[in-house]
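Participant: Please read through the structure below; I'll follow up with questions.
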Amino acid sequence: MEYPFWVNDFNRIKNYQDKYPLALEIFEQPQSFWYGDNPKKPKKHMEKSIRRLLNRAHPQLPILVMYNIPNRDVGQYSKGGAATKERYLDYVERFAKGIGKDSPIVIYEPDALPHSTDLSEEEQEWRLSLMRQSLQMLTDNCNGRFYIDVGHSNWLEPKVVAELLDKISNPKVKGFSVNSCNYRTTKECIKWSRKILKYRERDHFVIDTSRNGKGPNDNEWCNPPGRGLGEYPSTETSYPKCDAYLWVKIPGESDGKCNGGPKAGKFWGEQAEELVKNKIN
């Protein structure tokens, strides 16, 4: 798949480049745009925001991330999401209208699918039903290239991942995304993804390589020290069904208030420079 990545030319993080000059290397790469909603005050103009972004990027395309599932992150550092099913489906409708006939890569709800295994049986069925309905709405009403996030290689067994995908995916979904916001090496991600593909041969996948250059620090996922940038965003990958290496997580944005970091999503210049210093060769 050929994909014309767009490098953000108005990234707010550029404001930090004088204080953290090494971080400029991060800003020069294509990064993703995350769309959620305040559960108490949904964004009324999200559709227009997406259209402006797509128009600004044209003829290239940005990478979008949907991140608004109810009970997001099951109450952990990135808790939040839509307050009700109705508000979530309204968010989905607005998101689809924003994309329209354009075809950006869209990462669908990081961690929502694997986190469903942490819920009660009734809660899991409710979430999977909502994800299935929303994905059908999205693929019926816009041309985005959707990849369902399935977590990382140290989370669920490939067969379990495939069974969960069977419950929510549809033929118009491009495939799945792995390693969003995590640190598993590209080699490990491809090995795990190939095992998933044994059960879902039609799927393709993408990998978040933003911070996996040195792999994980044991099983620590929240701001582990000493990590490095991974492969730059590209469609030139080492496996035919891997459509792209992406920077889904913006390098330098904190995972949460842990290991000295600020709240989740806030830029942390010291970490950004450490990632650059330790980048993959």
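Participant: Taking the range 214-231, which residues are crowded, with 18+ Cβ neighbours inside 10 Å and more than 20 Å from Pro110 (Cβ to Cβ)?
Facilitator: Lys214, Gly228
Participant: Any idea which residue in the range 210-222 is farthest from Val173 (Cα to Cα), counting only those that are within 17 Å of the chain's Cα centre (by Cα) and at pLDDT below 95? Give the derivation first.
Facilitator: So the first thing to find is which residues in the range 210-222 are within 17 Å of the chain's Cα centre (by Cα), and the list is 210-212, 221-222.
Narrowing further to those that are at pLDDT below 95: 221-222.
Numbers: Trp221: 28, Cys222: 30 Å.
Among them, the one singled out is Cys222.
Participant: Taking only pairs six or more apart or across chains, which ones have beta-carbon atoms under 8 Å, a first residue in the range 233-262 that is within 19 Å of Ser177 (Cα to Cα) and outside any loop (DSSP other than H, G, I, E, B), and a second residue that is at pLDDT 95 or above and basic (Lys, Arg)?
Facilitator: Once the first residue is within 19 Å of Ser177 (Cα to Cα) and outside any loop (DSSP other than H, G, I, E, B) and sits in the range 233-262, its partners that are at pLDDT 95 or above and basic (Lys, Arg) give Asp243/Lys174.
Participant: Out of Ser32, Ser49, report the one residue that is under 18 Å from Arg211 (Cβ atoms), modelled with pLDDT of 85 or more and touching a Phe, Trp or Tyr at 6+ places or on another chain (Cβ under 9 Å).
Facilitator: Numbers: Ser49 fails: under 18 Å from Arg211 (Cβ atoms).
Unique residue meeting the criteria: Ser32.
Participant: Which of the residues that make up the range 63-105 are touching a Cys at 6+ places or on another chain (Cβ under 9 Å) and of a type in the set (A, V, I, L, M)?
Facilitator: Across the range 63-105, the qualifying residues are Ala96, Ile99.
Participant: Might you check whether a residue that is in a loop (DSSP other than H, G, I, E, B) and either over 17 Å from His152 (Cα atoms) or among the β-branched types (Val, Ile, Thr) (or both) occurs anywhere in the range 213-225?
Facilitator: Here is the first cut: in the range 213-225, the ones in a loop (DSSP other than H, G, I, E, B) are 213-216, 218-219, 221-225.
With the extra rule that they be either over 17 Å from His152 (Cα atoms) or among the β-branched types (Val, Ile, Thr) (or both), the set shrinks to 225.
Yes; the residues of the range 213-225 include at least one that is in a loop (DSSP other than H, G, I, E, B) and either over 17 Å from His152 (Cα atoms) or among the β-branched types (Val, Ile, Thr) (or both).
Participant: Given Tyr88, Tyr67, which one is of a type outside the set (Lys, Arg) and under 16 Å from Ser180 (Cα atoms)?
Facilitator: Values: Tyr88 fails: under 16 Å from Ser180 (Cα atoms).
So the residue among Tyr88, Tyr67 that is of a type outside the set (Lys, Arg) and under 16 Å from Ser180 (Cα atoms) is Tyr67.
Participant: Hey, another quick one. In the range 141-179, which residues are in a strand (DSSP E or B) and aromatic (Phe, Trp, Tyr)?
Facilitator: Step one: list which residues in the range 141-179 are in a strand (DSSP E or B), which gives 145-149, 175-178.
Matches in the range 141-179: Phe146, Tyr147, Phe176.
Participant: While we're here: Scan the range 94-123 and report the pairs whose first residue is among the aliphatic types (A, V, I, L, M) and whose second residue is part of a loop (DSSP other than H, G, I, E, B), with Cβ atoms within less than 6 Å and a gap of 6+ or a chain change.
Facilitator: Close Cβ pairs satisfying both conditions: Ala96/Cys142; Ile99/Cys142; Ile99/Gly144; Val106/Gly144; Ile107/Val248; Ala112/Ile69; Leu113/Val150.
The values are calculated or read from the model by the stated rules, or taken from the named source; none is laboratory data. For clarity, every value in this text was computed on a predicted model and none was experimentally measured. Please note: Cβ atoms are built from the backbone with ideal geometry, for glycine as well, and neighbour counts cover all protein chains shown.
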